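What follows is a short report on a single structure.
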Amino acid sequence: EVQLVESGGGLVQPGSPLKVSCAASGFTFTSNWLNWIRQAPGKGLEWVASINPDGSNTYYPDTVKGRFVVSKDNAKNTGYLQMNNLRSEDTAMYYCARDRGLPWGYFDYWGQGVMVTVSS
Amino acid sequence: EIVLTQSPTTMAASPGEKVTITCRASSSVSYMHWYQQKAGASPKPWIYDTSKLASGVPNRFSGSGSGTSYSLTISSMETEDTATYYCQQWSRNSLITFGSGTKLEIK
């Protein structure tokens, strides 16, 4: 059974960093892209990062480019999202999701999410 | 960036009523995917590659479309279909974008 379990969320002050994790199981972690999608309270879904299977390529929207860094440790079957210089508008539930594969861009498994709150 | 515009934003349907949610893309896309999200839960894959139902999705749901216009249809609304539905696309230039969501309620 495919499972994605996020952890590491919490309350942080503006300008602080935070790293959240996504532990994967039930599939070959080196075969699929891993993505992060966030949802601010009461708002819609926003894609924030993608990483290819071997971790050599990463992609971000302009809203987080330069502040967020996605990575993965294939030996630990775990993905990470390092968030730097956090702002109040980064407050959201953060989900990791697996990309199905070719054709790209369909998220067939999602984690339960981890809450990140940025507030002083 | 490819912008996805969903309509309506919110709607209410009676049990048994036919429901259609539309998603218009600012540029042509190859496929559209749809997710269902209930309050307090993670999004669930619902329809992929425009018209294929994800595992466990009732066959009263269907998806269609091409180019810049896509839709999700429920042939006969049921109480359990109450949720927010999001469309989503991937393109090589624009990467990943979601629609703003359609909240569907039961009358």
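Just to be sure, is A:R98 in contact (Cβ under 8 Å) with a residue 60 or more places away in the chain and among the basic types (K, R)?
Yes, satisfied.
Determine if the range B:60-69 includes at least one residue that is closer than 13 Å to B:Y31 by Cβ, without any contact (Cβ under 8 Å) to a residue 24 or more places away in the chain and touching a strand residue (DSSP E or B) at 6+ places or on another chain (Cβ under 9 Å).
Yes: the range B:60-69 contains one or more residues that are closer than 13 Å to B:Y31 by Cβ, without any contact (Cβ under 8 Å) to a residue 24 or more places away in the chain and touching a strand residue (DSSP E or B) at 6+ places or on another chain (Cβ under 9 Å).
Please give the strands (runs of 3 or more DSSP E) falling wholly within the range A:58-120 in which 1 or more residues are surrounded by 18 or more Cβ atoms within 10 Å (Cβ to Cβ) and of a type in the set (S, T, Y).
A:78-83, A:92-99, A:107-110
Which ones in the range B:41-63 are farther than 15 Å from B:D81 by Cα and among the hydroxyl-bearing types (S, T, Y)?
Passing the criteria: B:S42, B:Y48, B:T50, B:S51, B:S55.
For a quick check of your reading of the model, give me the residue pairs whose first member lies in the range B:78-107 and is without any contact (Cβ under 8 Å) to a residue 24 or more places away in the chain, whose second is part of a strand (DSSP E or B) and surrounded by fewer than 20 Cβ atoms within 10 Å (Cβ to Cβ), with beta-carbon atoms closer than 7 Å and at least 6 apart or on different chains.
Matching pairs, first to second residue: B:L95/A:Y59.
Of the residues that sit in the range B:83-100 and are more than 8 Å from chain A (Cβ to nearest Cβ) and not hydroxyl-bearing (S, T, Y), which one is surrounded by the most Cβ atoms within 10 Å (Cβ to Cβ)?
By that ranking, first place goes to B:C87.
Report yes if A:V48 is in a strand (DSSP E or B) and not hydroxyl-bearing (S, T, Y), otherwise no. Give the steps one after another, and end with the answer.
Working: in a strand (DSSP E or B): yes; not hydroxyl-bearing (S, T, Y): yes.
Yes; evaluated as a whole, the condition is true for this residue.
Where residues in the range B:32-44 are touching a strand residue (DSSP E or B) at 6+ places or on another chain (Cβ under 7 Å) and part of a loop (DSSP other than H, G, I, E, B), which of them is nearest to A:G105 (Cα to Cα)?
Within the range B:32-44, the match that is nearest to A:G105 (Cα to Cα) is B:M32.
Which residues, taken from the range B:45-82, are within 13 Å of chain A (Cβ to nearest Cβ), assigned to a strand (DSSP E or B) and surrounded by 16 or more Cβ atoms within 10 Å (Cβ to Cβ)? Step through it out loud before you land on a result.
We begin by selecting, within the range B:45-82, every residue within 13 Å of chain A (Cβ to nearest Cβ); these are B:45-57, B:63.
Subset that is assigned to a strand (DSSP E or B): B:45-48, B:52-53, B:63.
Selection gives B:P45, B:W46, B:I47, B:Y48, B:L53, B:G63.
Provide a single number: the residues in the range A:69-106 that are under 17 Å from B:F98 (Cβ atoms), more than 11 Å from chain B (Cβ to nearest Cβ) and at pLDDT below 95.
Number satisfying all stated conditions: 0.
Considering each residue of the range B:5-31, count those that are assigned to a strand (DSSP E or B), more than 19 Å from A:G42 (Cβ to Cβ) and within 10 Å of chain A (Cβ to nearest Cβ), and give that number.
Residues meeting the conditions: 0.
The values are calculated or read from the model by the stated rules, or taken from the named source; none is laboratory data. Keep in mind it's a predicted model, so treat the numbers as computed, not measured. FYI the Cβ positions are ideal-geometry reconstructions off the backbone, even for glycines, and counts take in every protein chain you see.
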